[in-house]
Structures are given as structure tokens and as C-alpha cells.
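What follows draws every value from the coordinates through simple rules; no lab data is involved. What you see is a predicted model, and the numbers here were worked out from it, not measured in a lab. Positions of Cβ are backbone-derived with ideal geometry, glycine not excepted, and every protein chain shown enters the neighbour counts.
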Amino acid sequence: NTAGAEHELTDGFHLIIDALKLNGVKTIYGVPGIPITDFGRMAQAEGIRVISFRHEQHAGNAAAIAGFLTKRPGICLTVSAPGFLNGLTALANATTNCFPMILISGSSEREIVDLQQGDYEEMDQLAIAKPLCKAAFRVLHAADIGIGVARAIRAAVSGRPGGVYLDLPAKLFGQVMDAEAGANSLVEVIDPAPAQLPAPGAVKRALDVLKGAKRPLIILGKGAAYAQADDQIRALIEKSGVPFLPMSMAKGLLPDTHPQCAGAARSTVLKDSDVVMLIGARLNWLLSHGKGKTWGDAPKKFIQIDIEPKEMDSNVEIAAPLVGDIGSCVSALLEGIGDTWQAPPSDWIDAVNSKREENIAKMAPRLMKNSAPMDFHGALGVLRTVIRERPDAILVNEGANTLDLARGIIDMYQPRKRLDVGTWGVMGIGMGFAVAAAIETGKPVLAVEGDSAFGFSGMEVETICRYNLPVCVVVFNNNGIYRGTDANPTGGTDAATTVFVKDARYDKMMEAFGGVGVHVTTPDELKRAVDTAIDSGKPTLVNAAIDPAAGSESGRIGNLNPQSILKKK
Ligand code: ADP
Ligand code: MG
């Protein structure tokens, strides 16, 4: 350097922002506070969209679903200890669901934390995060920020996607270094999620098993939706002629109204199929672990496509494991299928079709009931029409009965339009998912929420109003959890454990923040309110009064409740 010229300096704040921007991060979901308040301000000043929530769990859920929708890690930013723990729930949930996200939390002074001398929000966050996510890293030196961010991104999206924790101690943000050295230390991740090609022998084995089938079935899971191999998957299904069953977040990969869709014949195809090809779906509790009554007595062979080799044989024997990314695996199968492929036997196709038509016909009249008090079917019947008329809208869905019934009733037409409670069946994803869906896609969002489920994230309607997002929340208000009719068994004045304030007006919550609130009591009113909301793009909450007696314990999974032998009938 020439004499007198000053070295330009940079610091931790700016290196983190530059590292994120270099890797294409456009949005951060978070909650401000010590030690990351200024970081959020600076990130916004530097052109990153910073969406501030009211609680970290919802910011985390937003980041997680952003990851699912975009195949890039969603970023959640929190303060230390309690804020970190709030975000950690979402990180663990993202990991369970195989959604890529990075939780970045500020943390307190290392020296004091490690000696347990009682710092402000003291906690060894790295150690706590580690067992709950895919990878966890801490950066201590400004010069390592570039590589730390790069590792976090690659860890989140490569192989089976998942949650990554990045621990940034308060001191790091203010650390100073030479600007040029800083710029040189940044890393733009090359090919963060490399294609993983299946072995040719494995492809042939899979095709041989499929060829031998008399009653084949393809199950599409949310891994298939995540993979964004929509055209190949559609081609494989149509070319093979095999009926397909979408798991809930795979609905719409092919339209639910597709002639090969066996969604309305679910129990029949699970029971009677002889060869099942799983594409990005695990044989976990949601598929009764691949055995037992649900799957019938006839012997069954499984073909499984998954990027995670350890997933094979996790519950039952996999006759043809196909390890690789879904795009590559499905393309290889398509190539191998060739032009001489025989469609499945027609008696199987006929059996599936007639079961489907029978079930659809049985359901139809229940969806047309237009009177008060509304039941779930009547209300969902009109929301089903809303989505048919607006197939590009994103449907967020949680609750017990509200979830189980909406999943079956509302047909989806496009990939990645249905976002719900996922692998854990967790309540509380609603508003976080709705915010991120609106921000990441720019499409209208319809969030169909049980009143109980809505309560977990309801305060985020303020966030929806603050960013003026095109989100219409419909609260199915039956005055309680599962139902609104339970009474305190002692006859005392305390409410029963599962009921809420009777006839609450959730619509007023939205009005409190400048959004539109509507109270409806009939399916016609509900349809009109939702259409108006979506047309206007204004934040809207529709309080849909549902018969308090409608709804069954735990929806479709009541069997998971332990029973006391002493319980009175
Ligand atoms: P669902 O609940 O819809 O049945 P799961 O979450 O159980 O779906 O399964 C998703 C599966 O998809 C996981 O086992 C995951 O490893 C796999 N997966 C995710 N992304 C890919 C990908 N790009 N290629 C292959 N498999 C993937
Ligand atoms: Mg309820």
C-alpha cells in the first residue's frame, strides 16, 4: 500500500450479510433483540428482505416452509437462549420433515457461558441444537464467516435436506478485519445439492419388480414434491399407467382429479396392491409402518426411491431400493421403461376406479349442505370449490378434524400448493407457513385452521397485516379442541379442559390490526367472504361458526390416544 492510504475495514455484521447475499439469500425470517437487532437493520439496509415475527417459532416455521417451496435453505434469525429455544422447535420440525433451513442465533459471551458464570441469556446453544438437527456449527472468527455460512447451506440442502444450526456469539458481529481479506474469505457454494444418480443395476431391479406386478401402486410423498421433478414424475405415472396415491403434501403433483389418482380409494389400494413404489415417502406412522391391517394379508413388494440410504428397510423389507435424487431416479426409470411397457391388468384398474367413483359419489351430497349451523363437510365443500376455481392459490391447513377432512375433500391441482402439519402432525405451523408462502410465491394463500390450531400462531395475524400479505385465514370455530361441547366432569365452574370461550370472534383479531374480519354462519356466506378476500388480496380472517357438536376426538387418529381401563363408559 502507498504511504498514508487507509485500509478499508469490514466487520462480522457485514461479512454475514455479504456471505448470505453471495449465496442468493433474499429473505430472513426472524425476531429482533439482543444481540441481533442491528444485524437485522443492516441486512434490511443492504437489500435483504427481513420479515419480523412476534414469536420465533413462527419465524422458524416460515423459514422451513420457504425451504420446502424453493429448495434453498430458509433462514431464521433469533436472539440467544429463549429466542433460540423457540426457534429450535421449528428447526427440529424442519429436520423431521426433511425441509432445508438454517437457524441463525446470536449467543452470549463464550468465555462466560463456558465457565457458567451467569451471562445474560447464558446457554450452550450449540450443544443443545446438535441432537435436534442435521448439523450444527459455531463461528468464532470473522475470517471464518464465509466458510461457516457455506457449510451451513451445503449441510441443509445436500443429501436428505434438513435443519442446520449456526451459532454466532455476540462478539463476532463487531469483529473487524481488512475489507479485502474479508471479501476474499467469502465462499459461494458450488453445486450445493449435487445430483445423486442411482446405480444402473438398482434401476433394472426396480423395473423388474414393477413389471412383475398384477396390482401396482405408486405412492408420492412430500419428498417428491420437494424434488421439483414434476414433469418426470408425471411422465412416469402416465407412461406406466400405474394408479398413484399422493401423501398430503404431495397432493397436486398430479391433479387429484387425474384419472389415475387413487386418493379416494386409499384403503383399497393399500390393502390390495401387490407392488408399491414409494417416491419420496417414508413408511412411517402415516403409512401404518408398511404393515398390519391397513396393508392387507397378501404378500407385498416395495420399491423405494429415496436419497437417504438408511431409509431403506426402516420398517419392512424393501425389495428394490433405489437410492438417489428423485429427479435422477425417475428419469432413469423412464428411460428403462421404453416403449414396450404393458399397462397394469385392467381388472386392477377397474377395481380402483369403481371404488374411487363409489367413494366420491358417497361424499358428494354431504359437501352440498348449505345451512346453519355448518358442519365440516358443508364448509369444506365450498372451500373445495374455491381451490378448484383458483388452483394456483396455496392452501395451508392444520387442526384435527379440520385437517383430516380438508385433506380428503379439497382437491389440489398444482404441485407444492398444499402445506400442512407434516410428519409430526404438529399444531402451530399455520401463520408461519402462510406468511412464507405469500412472500416466497406471491400467490394468494388460504389458511384453513381449526380454532385450536389457529391459537398456536394467532398473534402472527399482526405480521400478516404489517406486511399486507394476501392471506385469507378461515378459522373453523367449533368452540374447542375436537369439539366445543365437553363439560367439566366435576360440575365445577372451571371450563372443561378441551373447550374455549364460546362463540369467540376471531375475526375481530384481524380487525384490530387493520385487516378485514368477517363472521359467517353458512357455506354460502363463507364462499362469498373467501372469494372477496382473495380477489382483494387484503389480509382477511373469516370466523366460520361450526356446529360445536361436530368433530370427533383427535380427528382420524383417535386410536393413538392411550385408554384407561378405569375410564367410565
Ligand atoms: P410424506 O410424509 O409425504 O410421506 P416423508 O417426509 O415421509 O413424506 O418422506 C419424504 C422422503 O423424501 C424422505 O425420506 C427424504 O429423504 C426424501 N427426499 C427428500 N428430498 C428428496 C430428493 N430430492 N430426492 C430423493 N429423496 C428425497
Ligand atoms: Mg375446534
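Scanning segment 84-137 for residues that are small (G, A, S), surrounded by fewer than 21 Cβ atoms within 10 Å (Cβ to Cβ) and over 20 Å from E308 (Cα atoms) returns G118, A127.
The residues listed here are P299, P321, P309, P255; of these, the one that is closer than 17 Å to R205 by Cβ and in contact with an Asp or Glu (Cβ under 9 Å, 6 or more places away or on another chain) is P321. Exactly one residue out of A550, A529, A545, A533 is crowded, with 19+ Cβ neighbours inside 10 Å, assigned to a loop (DSSP other than H, G, I, E, B) and small (G, A, S): that is A550.
Here the condition is being closer than 28 Å to A64 by Cα and free of Cβ contacts under 8 Å to residues at least 24 places away in the same chain; of S457, S452, S536, S554, it holds for S536 alone.
The rows are residues; the columns are (1) of a type outside the set (S, T, Y); (2) surrounded by fewer than 24 Cβ atoms within 10 Å (Cβ to Cβ).
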position	(1), (2)
G33	yes, yes
I36	yes, no
G40	yes, yes
A43	yes, no
S52	no, yes
H55	yes, yes
H58	yes, no
N61	yes, no
I65	yes, no
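Taken over segment 387-403, the criterion of being among the charged types (D, E, K, R) and under 22 Å from A64 (Cα atoms) is satisfied by D392, E398. Counted as qualifying within segment 376-471 are the strands (runs of 3 or more DSSP E) with 3 or more residues that are in contact with a strand residue (DSSP E or B) (Cβ under 9 Å, 6 or more places away or on another chain) and within 16 Å of ligand 1 (Cβ to nearest atom), namely 394-398, 418-420. The helices (runs of 4 or more DSSP H) located wholly in segment 210-282 that include 1 or more residues which are within 21 Å of D313 (Cβ to Cβ) and within 8 Å of ligand 1 (Cβ to nearest atom) occupy 222-226.
Taking segment 453-464 as the range and being crowded, with 24+ Cβ neighbours inside 10 Å and touching a Gly at 6+ places or on another chain (Cβ under 8 Å) as the test, the residues that pass are A453, F454, S457, E460, V461, I464. Out of the residues in segment 402-420 that are more than 11 Å from L383 (Cβ to Cβ) and charged (D, E, K, R), state the one that is farthest from the chain's Cα centre (by Cα). In this case the residue turns out to be D404.
Scanning segment 497-519 for residues that are of a type in the set (G, A, S) and not in a helix (DSSP H, G or I) returns A504, G514, G515, G517.
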